[in-house]
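Single-structure report; data block below.
The values are calculated or read from the model by the stated rules, or taken from the named source; none is laboratory data. Model, not experiment: these values are computed from the prediction. Ideal geometry is used to build each Cβ from the backbone, glycine not excepted, and the neighbour counts take in all protein chains shown. Heavy atoms of the whole protein, side chains included, go into the accessibility calculation; ligands, DNA and RNA do not. Shrake-Rupley method; radii C 1.70, N 1.55, O 1.52, S 1.80 Å.
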Amino acid sequence: MNARTIIAGNWKMHKTAAETAAFFDEFLPRVAALGAEIEIVIAPPFTSLQLAGERLAETRVRLGAQTMHWELRGAFTGEVSAPMLRELGVSHVILGHSERRAYCDETDRTVNLKVHTALAQGLVPIVCVGETLEERRAGATDDRVVSQTRAAFHGVPEADLAKVAIAYEPIWAIGTGQNCEPQEANRVMATIRRAIDGLSATPILYGGSMTAVNVASYMERSDINGGLVGGASLDPDGFATLIERAAVSS
Ligand code: 13P
């Protein structure tokens, strides 16, 4: 079964609402003509979601959030819930990004709680997995991504696994310009796909220094269904070019 193609931009802590508006002024006309063969997602900071939701409402570009809480409401100062995101037009949510695991106490357990909530609330979770440089050097890459994948989807019915996406983001490749070789990324991503039953139609995205220059070399691989793009998603012209090239090669 073939998985659909997704290119998602994770803006991290970049762009004010005004900068978000300026991005869309340039970006939206560039991608308007692209066919439906590619799902485009932009995940801006929370403070830009309302504006982005309004700008994207009549377009084919989908809106993502970068995290959320697993509870629907309550005394969780500073947190944002799935219904709050849905109300703003959010359809996708990045969960378990390595930066949140490293700096914000995200764990396999909280990722799993959030995956269940996202699915119950009709959001597409984009679950991030990936190894550190030390784990790679120790030959522990496959064990790491398999255990993160199994933990993230623990208790999720097999039928729901077609409604999720996974991003393989080797931590040493994020923001370093040192992208993982496509052949090796594809090998790890095939390992992720086999980690649990039911992932044959699940989009698995590569993330880590993906650019308009290297995107085609990933898209031609059998187990790579798209990208989760950080730095290269911030420039409207550059990101539109990356998406065009992904669409051609998918
Ligand atoms: P870069 O594309 O900047 O390496 O970031 C990747 C990433 O972390 C996307 O979530």
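Observations on the structure shown:
- Solvent-accessible surface ranking, highest first, for 99, 26 at 1.4 angstrom: 26, 99
- Modelled FRET efficiency - R0 45 Å, residue 187 with residue 26, Cβ distances, 0.05 increments: 0.75
- Pairwise FRET efficiency - residue 36 versus residue 134, Cβ, R0 = 30 Å, nearest 0.05: 0.10
- Residue-wise HN-Hα couplings along region 138-151, as the Karplus relation 6.51 cos²θ - 1.76 cosθ + 1.60 with θ = phi - 60° gives them from phi, are 8, x, 9, 4, 5, 4, 5, 6, 5, 5, 5, 5, 4, 5 Hz; Gly and Pro carry x.
- Region 14-147, accessible surface, carbon-and-sulfur percent (1.4 angstrom probe): 52 percent
- Computed Kirkwood radius, in angstrom, where 1/r is averaged over Cα pairs of the chain: 17.9 Å
- Estimated translational D of region 1-147 in µm²/s (Stokes, Kirkwood radius over Cα pairs; 37 °C; 0.692 mPa s): 199 µm²/s
- Entry comment: accessible area of region 152-194 is 44 Å² per residue, from protein heavy atoms only and a probe of 1.4 Å.
- Amide proton proximity set for residue 93, modelled H, under 5 Å, gap of 5+: 65, 124, 126
- Each label point was placed 7 Å from the Cα along the Cα-to-Cβ direction; for residue 102 and residue 142 their separation is 2.6 nm.
- For the chain, the residue among 69, 208, 175 whose Cα projects farthest onto the positive side of the dipole built from Cβ charges is 69.
- On full extension, the segment bounded by residue 75 and residue 222 gains 48.4 nm, given 0.36 nm per residue less the C-alpha separation.
- Rounded to the nearest 20 debye, the dipole size of region 97-153 about its Cα centre is 140 debye, using +1 on the Cβ of Lys and Arg and -1 on the Cβ of Asp and Glu.
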